[in-house]
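First up is the structure itself, then whatever we jot down about it.
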Amino acid sequence: MEFLELAKKRYSSRKYSAKIVEKEKLELILEAARVAPSAHNNQAFKLIVVQTPEGLKKISKAGNIYGASLAIIVCEDKESAWTNPFNNRQLVSHDAVIATDHMILQATELGIKSVWIGWFDPAVIKTEFKLPENLEAINILALGYSDDIPSKTDRHAKARKPIGELVVYEKM
């Protein structure tokens, strides 16, 4: 599958079947995160894979995972973060977000749907999963087999800004 075809095929699924994601497919999804680019190659993130009913119930205290049989809590690791010496900005969130995007695209290629969850209470995740001080959950990736009606791949023509509103060349 061509990359843009894959990217356009991907949509946020908010309704999942009870079917479990196969171990082999989960391993490929996690490998996609491992090979994702990161600032200074520090890989300043940790992934908490949650598959048990007890663990999924803990996540549900913080936010909605829409009945997915698998969720990955994506945490930034502030101790491992690289800092840009020109503006003193840590790029830790960037690393975790790029890893999340790689997992989403790999899942899509495997026929597994996802939804990137940013609306959740990180304090609940920190408590429920006993995260150390250096880790902070920045998103939750719900994964599974969808019971949704798939979104049409041509939806981007209406749902996204035209390229001319997003891109400039050389100067503003």
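Give the total of Lys-Lys pairs in region 49-155 with Cα-Cα distances below 29 Å; include a pair only if its members are 8 or more places apart or on different chains.
17
Averaged over all directions, how much area does the convex hull of the C-alpha atoms of region 12-144 cover when projected, in nm²? Write out the running numbers ahead of the final one.
Numbers: hull surface 31.3 nm².
Projected area, direction-averaged: 7.8 nm².
How high is the relative contact order of region 94-172, given as a whole-number percent (alpha carbon pairs under 8 Å, six or more residues apart)? If you can, show how the numbers build up before the last one.
Working: 44 pairs, mean separation 22.9, N = 79.
Relative contact order for region 94-172 comes out at 29 percent.
Before anything else, pin down the relative contact order of region 12-144: Cα pairs under 8 Å, at least 6 apart, normalised by residue count, whole percent.
Details: 249 pairs, mean separation 47.1, N = 133.
Relative contact order for region 12-144 comes out at 35 percent.
Would you mind counting up the charge near LYS15? Only other residues with Cβ under 11 Å from its Cβ, with Lys and Arg at +1 and Asp and Glu at -1. Intermediate results must be reported in sequence, preceding the final value.
Details: positive: ARG14, LYS113; negative: ASP147, ASP148.
Here the count lands on 0.
To make sure I understand the rule: partners must be lysines, Cα under 20 Å from the Cα of LYS158, and not fewer than 8 residues away in the same chain. Which ones qualify?
LYS8, LYS9
Give me the dipole magnitude in Debye, nearest 20, for region 18-101 about the Cα centre, with unit charges on the beta carbon: positive for Lys and Arg, negative for Asp and Glu. Each step should come with its number before you reach the end.
On the way: 10 positive and 10 negative charges, 61 e Å.
It works out to roughly 300 debye.
None of the figures in this text is laboratory data; all of them are computed from the coordinates on show. Model, not experiment: these values are computed from the prediction. When we count neighbours, we look across all protein chains shown, and the Cβ atoms used for this are built from the backbone with ideal geometry, even at glycine.
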